[in-house]
Amino acid sequence: MLKNMAFGVALMAGSAQAAEVPKNVIFFIGDGMGPAYTTAYRYYQADSQVSQVTDTVFDRLLIGSASTFPHDETVVTDSAAGATALATGTKSYNGAIGVDAHKQPLDSMLVQAKSMGWHTGVIATSHVNHATPASFVAHADSRRNYQEIAEQFYSRRLKEDQPLVDLILGGGQRYFPMEQDQLGSKMVNWGYQYADKLTQLDSLTRLPALGLFAPKQLPYAVDSDQPKRLSAMVSTGLRLLSQSDTPFFLMVEGSLIDWCGHDNDIACAMKEMADFAGALEVAEAFAQERGDTLVVFTADHSTGGLTLGAGGEYRWEAEQVKQTGASLRTITDALLNQPQEQFPQILARFLGFELTQGELGELAKVSKEEEALRWKLASILSGHSYTGWTTSGHTAVDVPLGAMGPGSERFRGHLDNTEIAKALKQMIR
Ligand SMILES: [Zn+2]
């Protein structure tokens, strides 16, 4: 009888509420991933041989959009203010890490999850103490206080015998040194299992786990022999977090989409998008199989003012983008201080198409200045694919918002970035 009554109460509360509460929450943030990035990625991943454009994981999960403006009058946010809004539900100034406009500390949804006894994790392709993951873990007046932020990953424990962050995967070895009595070794002595190579992800077998795979950010996917590193880290993270019955909160950042955008490097950005999409698909499959996990994706802002179509032409050439096999920074390093006669041979290592004599001449004029050469190359390669850019900084356009799983209906329509955080915080109980 008691059992039946309990069942009845559950049914009444049921469809409206019980179904809306996720056990686990996975929050994906594509840094700089404005709407032109998800659009470009759709055409980039399509099979041009059969002219077939298929839905991406972003298209499948998309249910809304989000505004990103910071606390001040600038309208255009940086990653720190954007991530602070997404992590805490409060808008702040550009540069703020987990503090409000008066520099007072704010509690993030990750800290809230830990206080509820959940497991917690952050995964990023930048150093893990970079703006976005930092805003979920630390408080700092300035995003540039990297060491102060890194220390808080260890020191900010809510209970002495429990880590604040159970899973930390990304770059940043230089901020977690493994020499005796330094931060990294203190964490290992405290109980973190540690790996420093992506090929050792399988060696991580339990929480708490710390995996740092580069001195600072990971190499760009387009330059890397491990372009699927975010997908691999997310697979490992979900394996470790799902070992126990404890609920978990996991933040995943595709950090370098933004860095490629700052360089106006479309080939770099699309390879980062491919890895971010793959990582989101790993979470999508996990959530589909279990039915108890909410997956949300959005961006903190858009970067570069990316658009598809430029120079008065009605076209965008994904094939030209696919045929660029390195980042602008790598290609620039190879061309720097080389004579123009060598350029075609050097470029053939990276490009599946040839530049005109006029374009080679323009590059030669600036071949001794790294920055000028890189921007000239950016302009030429963007021209080949009819990719447009408006800035080397961020823009204020609304960003995509997608969700699946219990509670996903809370993210339908247009939301402000702070409302995304508030909805998530209400579900982390
Ligand atoms: Zn940025």
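The values are calculated or read from the model by the stated rules, or taken from the named source; none is laboratory data. Note that this is a predicted model, so its numbers are computed, not measured. Every residue, glycine as well, gets a Cβ built from its backbone with ideal geometry; the counts of neighbours run over all protein chains shown. For accessibility, only protein heavy atoms count, side chains too; no ligands or nucleic acids. Shrake-Rupley method; radii C 1.70, N 1.55, O 1.52, S 1.80 Å.
Accessible surface of M273, taken over heavy atoms with a 1.4 Å probe and every protein chain present, rounds to 0 Å².
Which percent, nearest 5, of DSSP beta bridges in segment 132-257 are antiparallel?
On the way: 1 of 8 bridges.
Roughly 10 percent of the DSSP beta bridges within segment 132-257 come out antiparallel.
If you take every residue apart from R374 with its C-beta less than 12 Å away from the C-beta of R374, what net charge results, scoring Lys and Arg +1 and Asp and Glu -1? Net charge in that neighbourhood comes out at -4. In this structure, S185 and R429 have a Cβ-Cβ separation that, at R0 = 30 Å, corresponds to a calculated FRET efficiency of about 0.25. Given a 1.4 Å probe and the protein chains as shown, D196 ends up with an accessible area of around 60 Å².
Relative to the Cα centre, the charge distribution of segment 27-131, modelled as +1 at Lys and Arg Cβ and -1 at Asp and Glu Cβ, gives a dipole magnitude of about 220 debye. For the chain, with a Gaussian network of springs between Cα atoms less than 10 Å apart, report the residue from N145, N417, N129 with the top mean-square fluctuation. The residue that fluctuates most here is N145.
To the nearest 20 debye, what charge dipole does segment 190-247 have about its Cα centre, counting +1 at the Cβ of each Lys and Arg and -1 at the Cβ of each Asp and Glu? Numbers along the way, then the final one.
On the way: 6 positive and 5 negative charges, 9 e Å.
My answer is approximately 40 debye.
Once fully extended, how much extra length lies between Y314 and S115, figured as 0.36 nm per residue of separation less the alpha-carbon to alpha-carbon distance?
Values: separation 199, 0.36 × 199 = 71.64 nm, distance 5.34 nm.
Fully extending the segment from Y314 to S115 adds 66.3 nm.
Between M109, I97, T298, the Cα set farthest toward the positive side of the dipole of the chain (charges on each charged residue's Cβ, about the Cα centre) is that of M109. Of the beta bridges in the chain, as assigned by DSSP with both residues counted there, near 30 percent are antiparallel.
Using only side-chain charges placed at the Cβ, +1 for Lys and Arg and -1 for Asp and Glu, the dipole size of the chain relative to its Cα centre rounds to 1020 debye. Only aspartates and glutamates eight or more places from K23 in sequence, or on another chain, were considered; those with a Cα closer than 18 Å are D166, D245, E284, E289, D292, E409.
Please list D398, D416 in order of solvent-accessible area, largest first, computed with a 1.4 Å probe with all protein chains present.
Details: D398 70, D416 20 Å².
I get D398, D416, largest accessible area first.
Projecting the Cα atoms of Q357, S382, L328 onto the charge dipole of segment 317-385 (Cβ charges, centred on the Cα centre) puts L328 farthest toward the positive pole. Here segment 395-429 is scanned for amide nitrogen atoms under 12 Å from the site 7 Å beyond the Cα of R290 along Cα-to-Cβ, giving 406. Using a Förster radius of 30 Å, what is the FRET efficiency between D196 and Q342 based on their Cβ-Cβ separation? Nearest 0.05, please. Calculated transfer efficiency: 0.20. Which of rounded, prolate, oblate describes the chain, given a ≥ b ≥ c as roots of the alpha-carbon gyration tensor eigenvalues and a/c under 1.5 marking rounded, otherwise prolate only if a/b is larger than b/c? Here the chain falls in the prolate category. Of the solvent-accessible surface of the chain, computed with a 1.4 Å probe over protein heavy atoms with every protein chain present, carbon and sulfur atoms account for 50 percent.
Could you report segment 157-265's accessible area per residue, 1.4 Å probe, as an integer in Å²?
Computed with neighbouring chains in place, this is 39 Å² per residue.
With the whole protein complex present, Y41 retains an accessible surface near 30 Å², based on a 1.4 Å probe.
Of the residues P400, P22, A195, the one whose Cα sits farthest towards the positive end of the charge dipole of the chain is P22 (charges of +1 on Lys and Arg Cβ, -1 on Asp and Glu Cβ, taken about the Cα centre).
Grab the alpha carbons of segment 317-385, take their convex hull, and tell me the volume per residue in Å³. Intermediate results must be reported in sequence, preceding the final value.
Values: hull volume 4.8 nm³, N = 69.
Value for segment 317-385: 70 Å³ per residue.
Counting only DSSP H runs of at least 4 residues, each contributing -39500 (n - 2.57), and dividing by the residue count of the chain, the helix-based mean residue ellipticity at 222 nm comes to -12000 deg cm²/dmol. The calculated FRET efficiency for D59 paired with D100, based on their beta-carbon distance and R0 = 41 Å, is about 0.70.
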